[in-house]
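Shown next, in structure tokens, is the structure this report addresses.
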């Protein structure tokens, strides 16, 4: 600024001098001009000193907070701009090749009646994801349809609710509903070992165990595996903390909750959850998750139930992907034979998955699974001599995207069940099912 003023005054004086050279010819006029120049120089020095003082004050000035301009919209409309709304509609047809009458006695909770159309789920999702560097958010996932009665206890009214996620008669459930807060850890923000932030969640959230999930579009097959239905929990109500270690190489989750699928605890004790996920090599992920805590009532209320799942995912090529799962569970103090003799019950689950993307729209997926419940504790037909000791299944699914948000699937499934009474599939040890599914995403 000072240099601009100096330059302007100098040009002005030179111009005045040149222009006046032809006019002022006498010595007196030259002396008068010199006096004017001296006066202007003194003024310029005074202005220069003032400019230097102003610049010094500006450099030392304190930063002042300026509030943002008022939003054009407020209240509900302003809040909805920050909320992501999505969901899907899942419809299905399922039937068998057998001539037996009545129910299609399948080996997963979500198997439907024989030869019937069904609305599996109408899902609404409302989410405001917290800023990963620090902030608050929430998630609400609401499910309506026949699947909801298999996956949720749906807010028990007392402490006498079932501990294994018993079947409910309602067709509405909150799959997830939690508040989220990301706490930044400023002292560790430059650390390559310790976490930079901790992600806290409080409320109801889906389980950390298993490869398959409740959301149908995220699975490779129409039907769920037997291990998904009987070997692991679905949801938990409590608190959960997630953080990353070793420069984001390890993702760790720890939490405490009311137990397996219980929004109200059925005893005085809590269940602890832990999970570790990492990528040992490129395109490969490994997740180990475990739960331990009492899940029973009465005299067995202090008997712990333990489950651990190991899930491996491998994106072999752009079109070919694999996944594998191994589960192991144990329940202490179980009256298996109903004779007041208590012992531990164990179960194991194995599953292998493959998916190939032939084109942008067409894909095929295959699942092979074994569920070993030799103590006959986890299967749905009961204890004692009822139920299967071992299930084996083969499932082939074809998927075609009619539109980017419209997915059609067809599936052929063969189930084998080894049971003492042979009543798992209406008197048969084998069942063949054929199904179709249409999913609309929004």
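The values are calculated or read from the model by the stated rules, or taken from the named source; none is laboratory data. The structure presented is a predicted model; accordingly, all values stated were derived computationally and were not measured. Ideal geometry is used to build each Cβ from the backbone, glycine not excepted, and the neighbour counts take in all protein chains shown.
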Segment 119-135: number of residues that are surrounded by fewer than 19 Cβ atoms within 10 Å (Cβ to Cβ) and assigned to a loop (DSSP other than H, G, I, E, B): 5
Among the listed residues 305, 333, which satisfies the condition of being assigned by TED's automatic domain parsing to the domain that holds residue 373, surrounded by fewer than 21 Cβ atoms within 10 Å (Cβ to Cβ) and either touching a residue at least 12 places away in the same chain (Cβ under 8 Å) or outside any loop (DSSP other than H, G, I, E, B) (or both)? 333
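Against the definition (assigned to a loop (DSSP other than H, G, I, E, B) and modelled with pLDDT of 95 or more), how does residue 381 come out, yes or no? Step through it out loud before you land on a result.
Working: assigned to a loop (DSSP other than H, G, I, E, B): yes; modelled with pLDDT of 95 or more: no.
No.
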Is there a residue in segment 264-286 that is surrounded by 20 or more Cβ atoms within 10 Å (Cβ to Cβ), at pLDDT 95 or above, in contact with a strand residue (DSSP E or B) (Cβ under 7 Å, 6 or more places away or on another chain) and more than 21 Å from residue 177 (Cβ to Cβ)? no
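Does residue 217 satisfy the criteria of being assigned by TED's automatic domain parsing to the domain that holds residue 372, free of Cβ contacts under 8 Å to residues at least 12 places away in the same chain and in a helix (DSSP H, G or I)?
When the stated conditions are applied, residue 217 does not pass them.
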For segment 89-111, indicate whether the set of residues that are in a loop (DSSP other than H, G, I, E, B), over 28 Å from the mean Cα position of the chain (by Cα) and at pLDDT 65 or above is non-empty. yes
Taking residue 359 and the conditions (1) in a strand (DSSP E or B); (2) within 28 Å of the chain's Cα centre (by Cα), which numbered condition does it fall short on, given that it satisfies the others? (1)
Any idea how many residues of segment 384-406 are at pLDDT below 90 and more than 20 Å from residue 232 (Cα to Cα)? 3
So which pairs qualify, if the first residue must be in segment 199-213 and farther than 18 Å from residue 271 by Cβ, the second must be in a loop (DSSP other than H, G, I, E, B) and at pLDDT 95 or above, the Cβ gap must be under 6 Å, and the two must be at least 6 apart or on different chains? 212/219
